[in-house]
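Reviewing the structure listed below.
Just so you know, all these numbers are worked out from the coordinates, no wet-lab data involved. Quick caveat: nothing in here was measured; it's all calculated off a predicted structure. Please note: Cβ atoms are built from the backbone with ideal geometry, for glycine as well, and neighbour counts cover all protein chains shown.
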Amino acid sequence: MKLKKILPQFLTLLFIVLIFGFFTMNAQENMDTRGIEFGFGFLKQEASFDIQFSLIDYDGSKSYARAYLVGLLNTLLVSAIGIVLCTILGVVIGVARLSPNYLINRTASVYIEFFRNIPLLLQIFFWYFAALRALPMPEDASLLLGTSYMTIKGLYTPAPIWNNFDVFLISLIVSLVIIFFFNRYAKRKQEDAGIQYPKFLISLAIFVIIPAFTFIFGGVDLQWSFPELKQLAKTSFTYEGGVGIPPELIALTLALTLYTATFIAENVRAGIQGIGKGQKEAAASIGLTPGQVLKLVIMPQALRIIIPPTTNQYLNLTKNSSLAAAIAYPDLVLVFAGTAMMQTGRAIEIVAITMATYLTISLSISLFMNWYNKSIAIKEK
Amino acid sequence: MFKYLKQLTSLVAMVAVLFTFTTETMAAKKSKTLKNTQKKGFVRCGVSQGLPGFSNADAAGNWTGVDVDVCRAVAAAVLGDASKVKYTPLSAKERFTALTSGEIDILSRNTTWTLSRDADIGLTFVGVNFYDGQGFMVRKSSGITSTSQFKNGISACTNIGTTTELNMRDFFNSKGISYTPVAFEKADEVVAAYDAGRCDTYTTDKSGLAAQRTKMSNPDEHIVLPETISKEPLGPVVRQGDSVWEDIVRWSLNTMIEAEEYGITSGNADMMKSSDNPAIKRLVGAEGEMGAAFGLDNDWNYRIITQVGNYGESYKRNIADTGILPDRGPNELWTKGGILYVPPSR
Ligand SMILES: N[C@@H](CCC(=O)N[C@@H](CS)C(=O)NCC(=O)O)C(=O)O
């Protein structure tokens, strides 16, 4: 009886171990005959290549491990921006899709059909090269918002120069903690005594006022360095000072956002449609305003339908960001699985590290979204 | 549980040993790559994704170029037909994994011979079919005529996974110039981005610059600066560990170069069979047993010359007549002031 249960399991395990063993042995043997070594020591070696855009201090005299970090942070950056933007756009389009207004509703569905059905790589190329062709050379760029320049070489904006930035950062954290406790308190008050506070406004005030005080009392100081046109040669210019956001990042974010938003919009539509009409009517009949109906009745239930497939889209967006390599955005794949792999020849190690990294990012997003989904689940009393 | 695991590993080891044993004995007799190539009936050759003069496909999918001719020479030698080649276009980034993983058997794709590539990552370089160096291209209108006019903040477009990326850093660092590298995986994107104005300069091998210039929307608007910042000896590469195959590729290339030295062309090779110079006769299979060492017949080199031509013919056809680099520069025979010098076929 017990054996019957264990045997299939054991055979499966045996099979997996055999296959794995065979491949390892085979790889080991092939690597031996070709004089390839296996190991992670190369990570400490000097990378000796430069990277266009980095969130941390980096140049070619740093190690491959550091180059890996640069790539990873760039991947996280584009994914994070993409996730935020595509969520906002997705919700707007998804709600628009259900609008009784024919024009809005048609526009939304044409948008979805269009962007969802064109391969993402093509869209990335389109935005990149269309943008490059359309954007002015640095010397022809006009001032944006009085401070920035959008050019073929990127978006140049003023760069903040902080004094005592750490004090400012701590004040931000402190204000977030206070907001958290205030909201808990407000919720209890509402449940116990039915008192409603303008929660959002008060939170915002805390978030603004406390950090603002550090400028007066904490010695925090902020100055800006503005981009200035610099001539490199007769017809060749660039901007110095300020921050340059590369056009590669902008094009990639744009393409990922517009593409992924179509899927999220469909999720949102399905989520809202999944809530019975009766719910809405019942809520309206007890005197809730349409805004309150959406916020208190429809959304809490719809979110449970929306979140799981949307989590999937977040994962897709993160993985799709690896198409960055095609347009020179230095993400993990371009920097590490591209340049570093070529320069070191450590294909197996680097692919393993890269896969493990993407797996970790994906699992983290999934875990967070699962936690979030649970935390908003309707608790039966 | 652990007991089982131990038994398991020994089982796995046994299977593996059996495998090694069988492959080992075969390889000892003959080149595994040669055997596979003859069985398949074509040479598996890794080339660029389109570099006029070196490896480039026309609309009908016919590949031409001096790098392509190396593969055609090997096909003529081992299969008797120069057209029996299967080409795999590879980006700079993909090329070495394609070779070490066994997807291709020759990499002939403007690849620079360096110590670390040769010694460290399971590759063997067999020779040089083009002596080159890295250069810079700029827009004529910029007024730049020398790299000494480069200024801080310059942006440079290039390919990832190349020696170019590394040389560029050494160059700008030694000059104390800060620069923005914009590195793409594929050459077409590098050219398109530079052409659109994303970068102030485009840097790669000078041969590559000359070839890519022909693909630009307006070639006359660009110039290649005179400075050469590195040595780039480009040549065919094979997987490490198959010395017979390595020799076949090396001596196929050598045959083409030596044939030019002795004035043997695709047109006169037949006549040369009855030459009274033994060195010439050896190169057209009319004397000695030059193919036996590789397990090939005696006409292997004769077929290379008649079907592909000598190095000079290949250069003229692909690089000179196409206007890419009419002047042979260092890629001229040592007897004519160049540095092409190969060991004798004897
Ligand atoms: N010789 C250098 C650079 C080789 C290289 O990839 N050059 C580019 C620019 S010329 C190229 O081949 N492009 C053509 C292609 O990728 O199809 C190396 O071996 O690293």
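Miscellaneous remarks
- Reference-scaled alpha-carbon Rg (2.2 N^0.38 Å with N residues) for region A:161-225: 1.40
- Most mobile of A:Asn316, A:Asn101, A:Asn183 in a GNM of chain A (Cα contacts under 10 Å): A:Asn183
- Among A:Gly242, A:Gly274, A:Gly146: highest mean-square fluctuation, GNM of chain A, C-alpha pairs under 10 Å: A:Gly146
- Annotation: cysteines of the protein assembly as shown without a disulfide-compatible partner (Cβ-Cβ under 4.7 angstrom) are A:Cys86.
- Of all lysines in the structure, those lying under 20 Å Cα to Cα from A:Lys277, and not within fewer than 8 positions of it along the same chain, are A:Lys295.
- When region A:82-136 is reduced to its Cα atoms, the Kirkwood hydrodynamic radius in Å: 12.8
- Distant-in-sequence amide contacts of B:Val182, defined by a placed amide H-H separation under 5 Å and a gap of 5 or more residues or a different chain, comprise B:Ala156, B:Cys157, B:Thr158.
- Taking the number of Cβ atoms within 10 Å of each Cβ as an exposure proxy, the fewest-first ranking of B:Cys71, B:Cys199 is B:Cys199, B:Cys71.
- Alpha-carbon Rg with Dmax, taken over region A:142-250, Å: 21.1, 73
- Projecting the Cα positions of B:Val126, A:Gln343, B:Ser274 onto the charge dipole of the protein assembly as shown (unit charges on Cβ atoms of Lys, Arg, Asp and Glu, taken about the Cα centre) puts A:Gln343 furthest along the positive direction.
- Checking the Cα-Cα distances for B:Lys30/B:Lys316; A:Lys62/B:Lys151; B:Lys35/B:Lys215; A:Lys44/B:Lys32; B:Lys231/B:Lys316 against a 28 Å cut-off, the pairs over it are B:Lys30/B:Lys316; B:Lys35/B:Lys215; A:Lys44/B:Lys32.
- Remark on A:Val243: its backbone amide H falls under 5 Å from those of A:Thr157, A:Ala159, a criterion applied only to residues 5 or more positions apart or on other chains, H modelled at 1.01 Å from N.
- Short to long, the 10 Å bins of the Cα pair-distance histogram for region B:165-258 hold 12, 34, 27, 20, 7 percent of all pairs.
- Along principal axes, Cα extents of chain B, largest first, whole Å: 76, 63, 38
- Chain A, helix-only ellipticity at 222 nm - DSSP H runs n ≥ 4, -39,500 (n - 2.57), divided by all residues, nearest 500: -21500 deg cm²/dmol
- Cα-based shape type of chain A, given that a ≥ b ≥ c are square roots of the gyration tensor eigenvalues and the cut on a/c is 1.5: oblate
- Here the protein assembly as shown is treated as an ellipsoid with the same Cα gyration tensor; its semi-axes, largest first and in whole Å, are 58, 35, 24.
- Across region A:310-324, coupling constants 3J(HN,Hα) worked out from phi with the 6.51/-1.76/1.60 Karplus curve, θ = phi - 60°, read 6, 4, 4, 5, 4, 5, 4, 4, 4, 5, 5, 4, 6, 5, 3 Hz, and Gly and Pro carry x.
- Around the amide H of B:Thr88, modelled in the peptide plane, lie the amide H atoms of B:Cys45, B:Gly46, B:Val47, all under 5 Å away and 5 or more residues distant in sequence or on another chain.
- Computed magnitude of the charge dipole of the protein assembly as shown (debye, nearest 20; Cβ of K, R +1, Cβ of D, E -1): 3180
- Unit charges on C-beta of K, R, D, E only; dipole of chain B, Debye: 920
- Counting DSSP beta bridges with both ends in the protein assembly as shown, the antiparallel % (nearest 5): 70
- More than 27 Å apart - percent of Cα-Cα pairs taken over region B:20-153: 34
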